[in-house]
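The values are calculated or read from the model by the stated rules, or taken from the named source; none is laboratory data. All figures in this text were calculated on a predicted structure; none of them were measured in a lab. Cβ placement follows ideal geometry from the backbone for every residue including glycine, while neighbour counts extend to all protein chains displayed. Each accessible area value is taken on the protein alone, full model and side chains, heavy atoms only, with ligands, DNA and RNA left out. Shrake-Rupley method; radii C 1.70, N 1.55, O 1.52, S 1.80 Å.
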Amino acid sequence: MHAAKPHRGKAGQAGLHAVAPAAPEETMSRVARGDEHAFAQLYDLLAERVFGLILRVMRDPAQAEEVTQEVFVELWRTASRFRPDRGSVVSWAMTIAHRRAIDRVRSSQSSLDRDARVAAGQQDRPFDAVADEVEGRFERQQVRRCLGTLTDLQRESVGLAYYQGYTYGEVATLLETPLGTVKTRLRDGLIRLRDCLGVAK
Amino acid sequence: MNAEIHTLTGAYAINALSETERSAFEEHLARCAACSKEVAELRETAAKLGSAVATPPPESLRPDVLARIRRVRQLPPDEGPIVPLRGRKWPLRATSLAAAAAAVVAIALGIQVISMDRDLDRANDQLSALTDRQAQLSGVLAAPDARVIADDDDVSGSLVVSEKLGKLAFVPGTLPEPAADETYQLWLIGPEGARSAGLLPDPSVSVVAEIGADAEMFGVTVEPKGGSEQPTSDPVVLLALS
């Protein structure tokens with residue numbers, strides 16, 4: 001579902017990688033050897049997910065764009081450290097993207113804004129702000145369905161921590177729930193999602 | 001394994017730990033294969049949550065990124081995986097023996113202190129049981145012929161064996177907490193088959209058992225609470241004694 005993007009023309013013109021999209025792992029190993037065409041393919045595979053996640057956590061489109069760019073530079077720089085036996089390319093990239101976005105929102109001013117939001121008890125639910133339905137419809141529906149199988153506390157904990165970048169301590173404050181409870185709900189919720197989404201090894 | 005820290009896999013996988021907890025958990029992660037696997041799976045799961053909010057970035061981002069990486073040097077590959085500290089079997093020298101003994105004592109004491117905090121009434125009983133066990137453990141660890149037997153990956157646990165004392169100490173690695181109606185049971189396996197060497201009351205606390213004359217292997221299985229006459233499941237730990 002991420003294959004047919006209008007801006008894949010460059011690789012096509014070069015006539016090198018125009019046939020069928022390669023498996024992400026294969027693309028990664030070429031990126032690790034410094035192949036810029038392969039990197040362009042990697043960008044096309046990941047850009048919407050990486051940007052979408054960062055935007056979701058950071059809220060501000062200009063900052064999200066800046067951080068997305070940093071993430072792709074990091075993916076390029078550390079490509080040789082990617083270990084296929086430790087997880088998929090998408091998971092690797094999204095972990096880096098999420099970490100970057102979170103580091104940014106937890107620092108300085110944005111952190112103050114967030115503290116104010118925590119104090120004011122403002123929060124939103126995972127999917128209320130998701131407006132566009134461009135691609136990944138199936139994946140999105142599947143995630144939505146699986147989130148529906150969680151308890152309210154599991155879903156809220158996972159949503160606040162993952163989509164809004166709160167620490168589990170902050171989540172506990174927001175939900176007025178003991179720390180240990182949030183910790184286990186986060187894990188239980190993710191495990192239930194894992195099983196529902198069919199992520200297993 | 002410390003069951004308390006294990007529940008942090010979820011928060012860790014989605015970057016919901018404070019910096020301090022994060023470092024502490026990463027230290028634990030390096031020694032806990034079960035945790036690493038779970039973290040990897042939960043990260044895959046989280047990646048799907050992230051993919052569900054995919055949004056097209058501005059058109060200008062692609063050429064910007066592609067231009068920028070041309071000026072960035074890539075890191076060289078890692079030089080192979082990290083070599084585990086322990087091999088399959090090796091005799092212990094006095095210094096490393098002292099370190100191993102200290103580590104075992106620290107683990108046992110740490111766990112016990114936590115549970116005593118929770119239940120002060122039982123503190124005295126536990127303390128004397130602990131002192132007893134500590135004495136037995138120290139005895140095995142300090143035996144002149146003590147040697148360590150560990151898994152290749154050293155994950156599920158290791159043994160310290162003293163032929164002279166006819167005893168072994170099992171130091172559990174990362175055994176998950178058994179279900180409420182189950183327990184870990186230790187076995188010594190010889191030519192005659194398996195013989196129970198007792199239960200493992202707490203999967204994070206070391207225990208001492210008698211070896212007996214003909215034992216060739218040591219194993220741990222999950223059994224119904226109270227233990228079984230004979231093993232009824234595949235061993236989670238299986239180590240050759242010689």
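With θ taken as phi - 60° and the Karplus curve 6.51 cos²θ - 1.76 cosθ + 1.60 applied, the whole-hertz 3J(HN,Hα) list for segment A:164-180 is 10, x, 7, 6, 5, x, 5, 4, 4, 4, 4, 8, 6, 10, x, 3, x Hz, x standing for glycine and proline.
Taking label points 7 Å from Cα along the Cα-to-Cβ direction, A:Ala62 and A:Leu179 give a separation of 3.8 nm. Taking 0.36 nm per residue of separation and subtracting the current Cα-Cα distance, fully stretching the chain between B:Ala30 and B:Ala135 would add 34.8 nm. Here the 3J(HN,Hα) profile of segment A:88-104, calculated from phi with Karplus coefficients 6.51, -1.76 and 1.60 at θ = phi - 60°, is 7, 4, 4, 4, 4, 5, 5, 5, 5, 4, 5, 4, 4, 4, 5, 4, 5 Hz, Gly and Pro shown as x. Calculated FRET efficiency, B:Glu216 to B:Arg70, Cβ-Cβ distance, R0 = 60 Å: about 0.45 to the nearest 0.05. Pairs with C-alpha atoms separated by more than 29 Å, drawn from the list B:Lys37/B:Lys225; B:Lys37/B:Lys167; B:Lys167/B:Lys225, are B:Lys37/B:Lys167. Would you please give the FRET efficiency between A:Arg83 and B:Ser242, computed as 1/(1 + (r/R0)^6) with r the Cβ-Cβ distance and R0 = 51 Å, to the nearest 0.05? Efficiency, from the Cβ-Cβ distance: 0.90. Per-peptide packing, taken as the mean over residues of other Cβ atoms within 10 Å, places A:151-161, A:54-64, B:57-67 in the sequence A:151-161, A:54-64, B:57-67 from highest down. For B:Leu199, the residues whose modelled amide H falls within less than 5 Å of its own, excluding neighbours fewer than 5 places apart on the same chain, are B:Leu186.
The mean count of C-beta atoms from other chains within 10 Å of the C-beta of residues in A:50-57, rounded to a whole number, is 6. Segment B:1-45 to segment A:165-201: how many Å between their Cα centroids? Each part's Cα centre sits 13 Å from the other's. Chains A and B together bury roughly 5800 Å² of accessible surface, counting both sides and using a 1.4 Å probe on protein heavy atoms.
Mind checking the full-extension length gain between B:Ser196 and B:Asp234? Use 0.36 nm per residue of separation minus the Cα-Cα distance, one decimal, nm. Write out the running numbers ahead of the final one.
Values: separation 38, 0.36 × 38 = 13.68 nm, distance 1.46 nm.
Taking 0.36 nm per residue and subtracting the Cα distance, the gain is 12.2 nm.
Measuring with a 1.4 angstrom probe and ignoring ligands and nucleic acids, A:Glu66 comes out at about 90 Å² accessible.
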